[in-house]
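For reference, the structure discussed in these notes is given below.
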Amino acid sequence: MFDALSDRLERIAGRLRSRGRLTEADLDQALAEIRTALLEADVELGVVRGFTDAVRARCSGTALSKSLTPGQQVIKVVHEELVRILGGETLKLTYASRPPTVVLLAGLQGSGKTTTAAKLAQWWRQQGRHPLLVGADLQRPAAVDQLRVLGAQAGVTVFSEPTDPVALAQAGVEEARRLGRDVCIIDTAGRLAIDAELMEEVRRISEVTQPHYTLLVIDAMTGQDAVATANAFHQTLELDGVILTKLDGDARGGAALSVKEVVGRPIVFASTGERLADFDLFHPDRMADRILGMGDVLSLIEQAERTMDHEAVAKSAAAMMEGRFTLEDFLGQLQQVRKLGSLGGIMKLMPGMSKEMRQAADQIDDGEVSRVEAIVRSMTPAERENPTLIDGSRRVRIARGSGSSTQDVNQLLKQFREMQKMMKGVMAGGGIPGMAAGPGKLGGLRSARKQMAALEAMGGTDGVDPALAELFGGAGGGPQPLGVGAGPPRPVTAGGSKGSRPGKKKKKGGRVTPPKGR
Amino acid sequence: MTALYLALAVIVVVVLAAVVMVVWRRRRAATGPAEAPTPGPIGRPPSTVADTPTRAPTPAATARPGAPTARSFRDGLDKTRGLFSPLRALRSRGTVEAATWEQLEEALLRADVGVATTDALLADLRRKVKSKEVAGGGDLLDALRADLVDLLAIEQRWDGATDGELAGSAPEAPGSDDETVEPVGRDLRFDTEPGMVNVWLFVGVNGVGKTTTIGKLARQQSAAGRSVLLAAGDTFRAAAGEQLARWAERSGTELVRGADGGDPSAVVFDAVQRAAARGNDLVLADTAGRLHTKVNLVEELKKIRRVAERPPGRVTEVLLVIDATTGQNGLVQAREFTEAVEVTGLVLTKLDGTAKGGVVVAVQRQLGLPVKLVGLGEGPDDLVPFDPEQFVDALLA
């Protein structure tokens, strides 16, 4: 539905290809497509304008690179700009000299503050801290109950009392001090940015608790309103950072860009699910990919890692590497992959998909997948290992057993043979039909594996995974993925500071110290 | 090779390879942080196939609270009135210039109407300007307003008759054969067949306001003379049952709950059974917020609807609750949820904020789904029928 920026630019690529330089007209066309893509991704209109102006300035008159098509080059610039805006200055979390470090959460109703508060508590606990949760949402029925239940899951105490939110927040901080906790997380009620009374209330909460970090919690599916809301909260509270929630959905998340650009504070955390564990540092490069509709493959992989059976996967991978892939393997993988969600949805997340592939992805019927699974299940293990065994009578049996026709069974076997051939080709280092050939794309699995081994020998990478980056080349030598997950306690850093492009001075993550007088 | 097999092959290869690499790398990593203990249920419990046994509902609330005070759309949008409107300047402009179109486009895009729908609306207006149907700036604005209102206003009335067929253009209030029931809401379908229980199912993604909407609606429906029962179909979210219980108290309605983490279909089933036994004619069923991208949760929702449809239950409304601050993902949500459980209408919540909720225009245009109710605040009275004219006025303000 929402064309990826890459598709859009492909459309005008023909005209761009044969020139030595990007003309203004070409650029206009490209920027029009970029504008549409960003608007469809919910980036705020004013931010889109500023962004396209910046890209225009960077692209004007640039000579075309030899290895990239003009379209790819423009995407590269766009991607870099996005990462620059989304990343940039970072929030280095420092702790108050006199504990507790107070963290105040604010935001609209339903943005996910309460769940986020518990996730933060768990995150800090995993870092070795001792947080206290303060349930200062007295507006929403059972909000404190909710926090108590989540707090119990996180193993963190929750403090609340039925007074008014301001007094409660203050008492909460006192309690944290009394208990000797080093972090105090205050959950507040959702409130509209234009509700003067409630904004005054949260201002007073901030005044009495003197938070070291005030974080705005914002829903990734927020539309154009994100800026107005963020601005209003920023004016009232002076935000230190933003937490983006519900990133496990398919909203493109342009609100992230809008908020970052307009408020100027870093996006610190990304919340990617309803479980407390679905919480991580924010990765600007992944967000850039997502906004451009280029897929968030790394998140997909993390999700895969969470849901799939590692042993089964490792075994199948080993078999595949050696060129073996049977119906048995296929069945196993099918079940694993289905845990990830709708097939069409997953396909859309794959980078480098051509237009035809995307259209095909739209047409995939998950019901069909069930039918395929049913047919394979109706086979005996021997038949799955060696499909040549399947003669006429077996075919009939399989068809009956799966509620399909013998033609369906034939079709499956034929398609599977094609699949096997294709996979053999991929393993040997070829590309995948329908996927854009980019530097180091999937073809090169073997070389990637060699790289891993080499890295292993060298003593490990720290955060950057060149093999993965190689694997998912992205647009024109694209983004470096961050190390996934939080490591041992260390400061929050932005992504992409490694592997800087020649001639471009990348600003390393700066330090934002807590406001003076705390 | 068909798309399906190609897709499967690609996904299998890619994900397999990547997962393996990630696992390898993790295994190599130095000692990471200690795994947090997993106290209590963290993940989603698998949806059980068998229905769980009946649970006792919470005790009935005491006195029935007073009738809800009438709230109009206009009142609810009080907070946003008086903000500067660039479009007003258009009125005084005589000719239609490029800047005019830009301003119109900007107004629509900022309202989250979306690129496709905005382009379509403007294309129609350009045509009208070309054919001289529309002259100056003021006319243009009126024309846009009229187009939007036409797009949003649909005549949909449900006959109170047993087959629940969509009546013709002659408006007939729902349940009009029953003198004591007054029409409530904008065309919320309510069948009056004896022995049958209406089920209105509330679905949507996380945090949109399903539970709060049910609380408000329960009050209104009760005041209108219907016998309402609430079903706490959100068995996943911490304290979701408690939240709905508070609303049950406020609205003077009974509530059927199940065990936390239990099967939501069972709760809805129990509620319908209880309603039939006790003579409730309307069950408002809450469900857990879920992203349409999660296959197993969508399957769970489908099952809830199937179970609710078992006689004596009849699902007469499947209301998708959408947050007015939602951007273009609202359209995706509408599409996906409709495909899964046949949504009959939208509830647009949090319209009292600065967000305009324009995505519903796109939803109506592309999917034909109307907005039936609008939420204008967190209080029990803050729920009104959708009024296309007032909505468009606010959108273009």
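In a fully extended conformation the segment linking A:GLN335 and A:ARG203 would gain 42.4 nm over its present Cα-Cα distance, using 0.36 nm per residue. Measuring r between the beta carbons of A:GLU24 and A:ARG98 and using R0 = 56 Å, the FRET efficiency lands at 0.45. Rounded to the nearest 20 debye, the dipole size of the stretch A:101-296 about its Cα centre is 420 debye, using +1 on the Cβ of Lys and Arg and -1 on the Cβ of Asp and Glu. Per-peptide packing, taken as the mean over residues of other Cβ atoms within 10 Å, places A:36-49, B:304-317 in the sequence A:36-49, B:304-317 from highest down. Packing, taken as the mean count of other beta carbons within 10 Å per residue, orders the peptides A:283-290, A:177-184 from highest to lowest as A:283-290, A:177-184.
What's the FRET efficiency of A:ALA167 with A:ARG400 using the Cβ-Cβ distance as r and R₀ = 60 Å, to the nearest 0.05? It comes to 0.25. Remark: mean inter-chain Cβ contacts per residue of A:223-233 equal 6, using a 10 Å Cβ-Cβ cutoff to other protein chain atoms.
Take each residue of peptide B:111-117, count the partner chain Cβ atoms within 10 Å of its Cβ, and average: the result is 4. Local charge for A:ALA319 was computed over the other residues whose Cβ lies under 11 Å away, with Lys and Arg +1 and Asp and Glu -1, and equals -1.
Ordering B:95-108, B:242-255 by mean Cβ neighbour count within 10 Å, with the highest value first, yields B:242-255, B:95-108.
Structure shown: which of B:LYS210/B:LYS372; A:LYS246/B:LYS303; A:LYS246/A:LYS315; A:LYS76/B:LYS294 lie over 22 Å apart, alpha-carbon to alpha-carbon? Listed pairs above 22 Å: A:LYS246/B:LYS303; A:LYS246/A:LYS315; A:LYS76/B:LYS294. Within 10 Å of the Cβ of each residue in B:234-244, the mean number of Cβ atoms contributed by other protein chains is 5.
Each value in this text was obtained by applying a stated rule to the coordinates, not by laboratory testing. All values derive from a computational prediction rather than experimental measurement. FYI the Cβ positions are ideal-geometry reconstructions off the backbone, even for glycines, and counts take in every protein chain you see.
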